[in-house]
Every structure is written in C-alpha cells, then in structure tokens.
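For reference, the structure discussed in these notes is given below.
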Amino acid sequence: MAHPTTRNDHETSKTWQWLVNGWHALRDAAVSAVTYFTPASEQQQTSQRWGVIATDVTEQQDTVHVELEIPGMNKADLSVEVHGDHLVISGEKRTSATRHEGSLVFTERAYGRFKRVLPLPCEVSSEGTQAKYRDGVLSVSMPKDRSVSPRAIPVDRG
Amino acid sequence: MSTIDRPSGLLDDFYRPFGSLFREGFPSRLVSDSEAWLPAVDIKRNDGAYSIEMEVPGFNPEEIDVEAHDGVLTIQGERHSESDKSEGDFIRRERRYGKFVRRFSLPAGASSDAINAQVKEGVLHISVPSSNGNDPKKIAVE
C-alpha cells in the first residue's frame, strides 16, 4: 500500500495536471475564436468589443473547407482573402438601422470591424476558391495547391 | 416604499437570466458538443414594446423554439453536427452543437399573444408588442 503522503502527492499532481490540461484546451479554444471588434460608427460604441467567431476547418483529400459563424452581416461587407496557407476573413458587422430607436436594455453582441487570420493545414490556391454566406455562416472551399512542394535545402558543413 | 439598488431598472423588469453568464457562459464549453450554451442577445425597448435579437448562425427555423408562458419567454434551440461535413478531418473545431436555452421574464405590459419571431441571416428577431392600456396610470387618491 502506498504511503498516505505519497498517495496525496500523486492525487495533487493528477489534479494539477488536469487543471493545466483543461486550461490549455480552454485557452486554445477561446483565444483563437474570440475576436476584437473595432467600432466603426458612433452606434457601434454601445456594443461589446469582443465577440466570438466560431470556426470549423476541415481537410478533405483535395480541398480545405472553412465555416465561420458571423451572423447578421451584409454579404458586401465581408472580405475573403487567400494568402498561401492562411485564410484572412475581415469585414464590418453593422448595427441595424433601427438600433437608435428606443432604448437599449441589454447588449451582448459585438459590432464593428474585425479580422480573423486562420492558419490552414497546407497551401491553397485562391483560384477556384469559393465563398458563400448563408444563414449567418460563411463557408469557404479552397482547392489545395499542389504546385507548391517544399524544397529540401541541403545543409552543408561550414 | 424602499427599492433595492440594481444595475438598471429596465434590466430588472425584463431581463432575468436563470443563472448568470459567469456560471453558465464560461468559454470552457466553447468546443463542447453536448452542453448548453448561451447565444448572444441584444434587447431593445421602444414605447413599451421589446425587440430581442439573438445570434443563431446556421440554425434552421425548425430548430428554434420560442414560447411565452406565465410571463416567461423561453427561447431554445437544438442542432446536430451535419454528418456530410464529418467527411474529412477536423483541423479546428469551435462551432457548437447540441442544445441552448435562454429565458427572459416578460414585462407586465407585454402582449404574449402577439409575439412574432423570424430568423434572418443567422439572427433571430423576436418582437414583443405591448398590449394597449397597460401603461402605468396614476390613480387619484380620494
């Protein structure tokens, strides 16, 4: 039987490890999805500055697919750019035209300009990339770029 | 008559989440599949009527349920991860699936029969009109 102190130490270390793992998972998930919204008009000043743009990225054989939740946008206010192995989504989420009518009781939603840079699992080609905005979800499909293959650099002795 | 100091009188008479953001909405569940979450809302009052906007991106109208009962407005939704999307490997997974429930207490003058709800571009718009004649009236004391 383990000495009580040893067992307690073991339990403490397990709990600690659990906390550390949990914290890392939480930070990874929260930090990347939480996005700063810069107010672009006086009305947007009244909203939250931090919003969550929850994103799924999946990889298929020949494509990389991204889905971002950005409800309440105008299609024209969204910008989608492919930069090698990164996808850059930016835009402005506007407050509704009637926001100033009446009084705001409670606000949790974020408005303003935002930008999210997503690392992709490989290089993709901007040609053939398709983006759709539907029901508040932006879907982007990108074909993998096969022309870019990593070039091995031999390391010589100096 | 004594009143208790609250952050906002309006908040008090309308918005009463059953459980605070700190208890329910901590982002530890951001990637969880099954546990409840709280979609963001804006609530506005105009002339005794209320309008609620809740962010429900990717939800179909059939997946959302709005109900007014005993002065409480309940908004709930449930969705499941699309199976056709699961082909391919997840590199990143932040979107949430499962069930959410939010409840708001309706003000005394709300006309629950005339509540209207519609989803547009991933935003649920609910309007709660005020029923006529429910504005506070001054009663003369004789």
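Here are the numbers for the structure shown:
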quantity: FRET efficiency, 1/(1 + (r/R0)^6) with R0 25 Å, evaluated for B:Glu121 and B:Val101 via beta carbons; calculated: 0.65
quantity: Footprinting exposure proxy for B:Ile91, A:Ile70 (fewest neighbouring C-beta atoms within 10 Å first); calculated: B:Ile91, A:Ile70
quantity: Choice from A:Leu118, A:Leu87, A:Leu19 showing the highest fluctuation, given a GNM over chain A with Cα pairs closer than 10 Å; calculated: A:Leu19
quantity: Built amide H within the under 5 Å cut-off of A:Val105, gap 5+; calculated: B:Ile43, B:Lys44, B:Arg45
quantity: Long pairs among A:Lys14/A:Lys115; A:Lys93/A:Lys132; B:Lys44/B:Lys120; A:Lys132/B:Lys44, criterion Cα-Cα beyond 27 Å; calculated: A:Lys14/A:Lys115; A:Lys132/B:Lys44
quantity: Average beta carbon contacts from partner chains per residue of A:63-71, 10 Å cutoff; calculated: 5
quantity: Linear extension gain, A:Lys115 paired with A:Ser103, 0.36 nm per residue minus alpha-carbon span; calculated: 1.4 nm
quantity: Radius of gyration, Dmax [region A:58-158; alpha carbons; angstrom]; calculated: 18.9, 74
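Read-outs: derived from the displayed coordinates by stated rules, not from any lab. Since this is a predicted model, take the numbers as computed values, not measurements. A quick note on method: Cβ atoms are made from the backbone with ideal geometry, for glycine too, and the neighbour counts reach across all protein chains shown.
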